[in-house]
């Protein structure tokens with residue numbers, strides 16, 4: 001033993017001092033370096049316990065285990081030290097147990113994707129320690145606690161999505177340390193408080209940042225003026241916070257494609273360049289917020305004294321009274337002349353409606369285009385049978401005595417409807433809407449005791465999309481038709497066209513888009529029913545409609561009251577309906593989350609779609625437009641309203657992704673409502 005030690009000492013003496021130090025360094029520090037640099041070890045020791053929290057074991061996190069091959073760890077992507085992605089598409093890689101524990105592999109964590117994974121813990125500061133971590137997607141979980149300060153020190157992070165969690169506290173200033181590479185920052189729908197912090201360094205421009213979503217939090221203070229320096233920003237959402245004060249004119253300089261500043265306390269005059277945005281982008285702010293696109297015009301400062309202003313107001317009011325008196329007299333004279341003319345020419349239809357009143361105890365019938373043949377007596381004497389009931393109305397199939405045709409009557413329940421004066425303008429708007437893919441309102445009855453009837457066409461061989469997809473009562477007794485992708489696409493496109501017409505042609509939302517309100521006839525022509533009916537209901541009845549929509553999965557996340565129904569909430573509901581068509585599943589199971597999990601698990605597209613859709617394909621799903629339709633549906637279901645497409649854009653994309661032409665059914669007949677429409681006239685001859 002002594003001779004061995006003597007030889008070792010002699011060798012050390014022969015070494016150069018620098019080489020000796022290097023040898024000692026490698027000897028004592030090489031093994032600990034390999035262990036501490038293992039991303040897999042850090043993930044298991046720090047990140048997994050933090051994300052798990054104190055809740056029951058999580059099914060996704062349970063796969064992060066050294067007894068399971070690394071390629072099967074859910075929601076993770078890896079790369080080699082030379083930035084080559086770890087390939088997990090071979091059987092050998094998916095069975096390799098040594099990748100997570102072998103220091104020689106030195107694999108680097110590149111991405112964490114666990115949206116809607118029921119995570120109930122906190123965000124660990126160690127997320128900032130992964131040298132190659134490029135993206136973190138942990139949206140729609142139940143993560144709580146603060147956003148860790150160290151997250152801003154992640155050396156490679158470019159996309160961060162923590163939306164729809166329960167994060168609280170102040171947003172750390174260090175988050176802007178990511179500016180030189182950050183492209184997406186999504187913190188929507190959390191409980192973050194305080195002011196939005198400015199970057200520590202001056203002249204920070206975040207040139208690569210394209211999407212900044214801090215909406216639906218509890219941020220307070222002034223508008224974060226530093227955002228106006230983010231020249232590459234395309235989408236900005238600061239909605240539903242507690243921000244206040246003026247909106248800086250400099251924001252118009254970055255010209256984001258999508259902007260949402262609604263439901264804050266902003267005040268003052270909007271920059272002129274903002275007129276290109278929809279009014280919804282600025283709703284719910286301080287009443288003093290004014291200027292296009294809002295209808296509230298700004299009052300210019302004129303230097304007038306309070307007496308001068310008061311005198312001007314009084315003068316204008318007096319002039320208005322005189323003008324109103326003259327107008328009323330002119331209108332009364334014109335109405336008298338028109339009534340006399342009608343008495344001479346008979347009971348003719350005056351566009352866009354006519355009213356019929358029996359001058360007795362029965363009530364009044366307002367007639368719209370297509371219902372000219374209906375009379376008050378005939379509607380009231382029609383024999384009906386109940387075909388459906390909702391929280392606010394009972395639906396009847398009614399047979400007309402004189403012609404033998406059928407109509408559909410919707411009797412609004414007592415106590416659910418507004419008074420006659422409030423209903424009249426809404427009914428007239430509904431009655432004027434005409435489109436090949438809308439169920440038209442033919443007449444409206446207002447009884448002396450307050451009862452109200454909506455009169456629609458009855459389609460004898462039709463059924464709702466809900467019945468076609470999920471079963472239900474079939475009045476015709478015929479078998480259910482095969483719902484191939486081409487047929488489902490036709491139904492989706494028809495429904496989308498109806499919504500696009502309402503949003504652009506009528507300037508209002510539908511309010512209750514769902515499969516039970518899509519009527520499909522024997523030629524697979526879809527017609528959207530119950531347009532704007534919620535506007536006839538008292539608040540309590542309208543909120544009951546919203547509660548049903550929420551339970552059934554059609555309610556947009558931001559929709560808290562039926563009064564706030566908008567085109568964007570319609571788009572969300574249509575996205576759910578499109579997923580319902582693609583997957584054949586009821587939307588009460590949260591279809592967007594199902595798709596997210598499928599993407600996370602790299603499930604084949606054929607396993608996500610309805611088996612009947614896959615069975616009828618003539619080509620691959622991508623070639624048939626199914627992949628594009630699925631992406632479109634998920635875009636419509638975006639948690640952030642401003643990120644959703646318009647219905648006009650939805651129609652365009654659906655038209656561009658039509659399925660390949662079927663031999664059995666030419667495209668012209670399949671897609672032209674005018675050529676394939678049912679006999680929509682009232683009355684119908686079917687029983």
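The values are calculated or read from the model by the stated rules, or taken from the named source; none is laboratory data. Predicted, not measured: the structure shown is a model, and the values here were computed from it. Counting neighbours? That spans all protein chains shown, and the Cβs are built from the backbone with ideal geometry, glycine included.
Matching residues to (1) in contact with a helix residue (DSSP H, G or I) (Cβ under 7 Å, 6 or more places away or on another chain); (2) buried (at least 17 other Cβ atoms within 10 Å of the Cβ):
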residue: 171; (1), (2): no, yes
residue: 174; (1), (2): yes, yes
residue: 186; (1), (2): no, yes
residue: 192; (1), (2): no, yes
residue: 196; (1), (2): no, yes
residue: 201; (1), (2): no, no
residue: 205; (1), (2): yes, no
residue: 208; (1), (2): no, no
Would you pick out the residues in the range 488-513 that are more than 21 Å from residue 429 (Cβ to Cβ) and in contact with a strand residue (DSSP E or B) (Cβ under 9 Å, 6 or more places away or on another chain)?
-> 490, 491, 492, 493, 494
Residue identified as free of Cβ contacts under 8 Å to residues at least 12 places away in the same chain, over 29 Å from residue 263 (Cα atoms) and in the same structural domain as residue 532 (by TED's automatic domain parsing) among 615, 586 = 615
Based on what the data block shows, is residue 518 in contact (Cβ under 8 Å) with a residue 60 or more places away in the chain, under 19 Å from residue 489 (Cα atoms) and buried (at least 24 other Cβ atoms within 10 Å of the Cβ)?
-> no
Considering only residues that are part of a loop (DSSP other than H, G, I, E, B) and in contact (Cβ under 8 Å) with a residue 40 or more places away in the chain, look in the range 215-237 and name the one that is surrounded by the most Cβ atoms within 10 Å (Cβ to Cβ).
-> 215
Does residue 356 satisfy the criteria of being surrounded by 17 or more Cβ atoms within 10 Å (Cβ to Cβ) and at pLDDT below 80?
-> yes
Checking residue 598 against (1) surrounded by 15 or more Cβ atoms within 10 Å (Cβ to Cβ); (2) modelled with pLDDT under 80, the condition it does not meet = (2)
Any hit, the range 251-258, residues being at pLDDT below 85, touching a helix residue (DSSP H, G or I) at 6+ places or on another chain (Cβ under 9 Å) and surrounded by 15 or more Cβ atoms within 10 Å (Cβ to Cβ) = yes
Quick one: which helices (runs of 4 or more DSSP H) lie wholly within the range 616-687 and hold at least 3 residues that are modelled with pLDDT of 50 or more?
-> 626-636, 647-656
Filter pass, residue 33 being loosely packed, with under 12 Cβ neighbours inside 10 Å, out of contact with any helix residue (DSSP H, G or I) (no Cβ under 9 Å at 6 or more places or on another chain) and either at pLDDT 90 or above or within 18 Å of residue 101 (Cβ to Cβ) (or both) | yes
Test for residue 378: is it over 30 Å from residue 507 (Cβ atoms) and at pLDDT below 85 = yes
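Results for (1) in the same structural domain as residue 637 (by TED's automatic domain parsing); (2) surrounded by 18 or more Cβ atoms within 10 Å (Cβ to Cβ); (3) modelled with pLDDT of 85 or more, shown as yes or no for each residue.
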residue: 525; (1), (2), (3): yes, yes, yes
residue: 529; (1), (2), (3): yes, yes, yes
residue: 548; (1), (2), (3): yes, no, yes
residue: 553; (1), (2), (3): yes, yes, yes
residue: 560; (1), (2), (3): yes, no, no
Is it the case that residue 347 is surrounded by 12 or more Cβ atoms within 10 Å (Cβ to Cβ), modelled with pLDDT under 80 and more than 20 Å from residue 426 (Cα to Cα)?
-> no
Kindly list, by first and then second residue, each pair from a residue in the range 45-67 that is closer than 13 Å to residue 142 by Cβ to a residue that is in a helix (DSSP H, G or I) and modelled with pLDDT of 90 or more, limited to pairs with Cβ atoms under 6 Å and residues at least 6 apart or on different chains.
-> 52/61; 58/52
Checking residue 223 against (1) at pLDDT below 90; (2) out of contact with any helix residue (DSSP H, G or I) (no Cβ under 7 Å at 6 or more places or on another chain); (3) within 19 Å of residue 187 (Cβ to Cβ), which test does it fail?
-> (1)
Is one or more of the residues making up the range 184-199 touching a strand residue (DSSP E or B) at 6+ places or on another chain (Cβ under 7 Å), farther than 30 Å from residue 594 by Cβ and either assigned to a strand (DSSP E or B) or free of Cβ contacts under 8 Å to residues at least 12 places away in the same chain (or both)?
-> yes
Mind checking whether some residue in the range 267-283 is part of a strand (DSSP E or B), touching a helix residue (DSSP H, G or I) at 6+ places or on another chain (Cβ under 8 Å), crowded, with 16+ Cβ neighbours inside 10 Å and in the same structural domain as residue 199 (by TED's automatic domain parsing)?
-> no
In the range 619-630, residues that are touching a helix residue (DSSP H, G or I) at 6+ places or on another chain (Cβ under 9 Å) and without any contact (Cβ under 8 Å) to a residue 60 or more places away in the chain total 6
Please verify whether the range 38-48 includes one or more residues that are assigned to a loop (DSSP other than H, G, I, E, B), over 33 Å from the mean Cα position of the chain (by Cα) and either modelled with pLDDT under 50 or loosely packed, with under 10 Cβ neighbours inside 10 Å (or both).
-> no
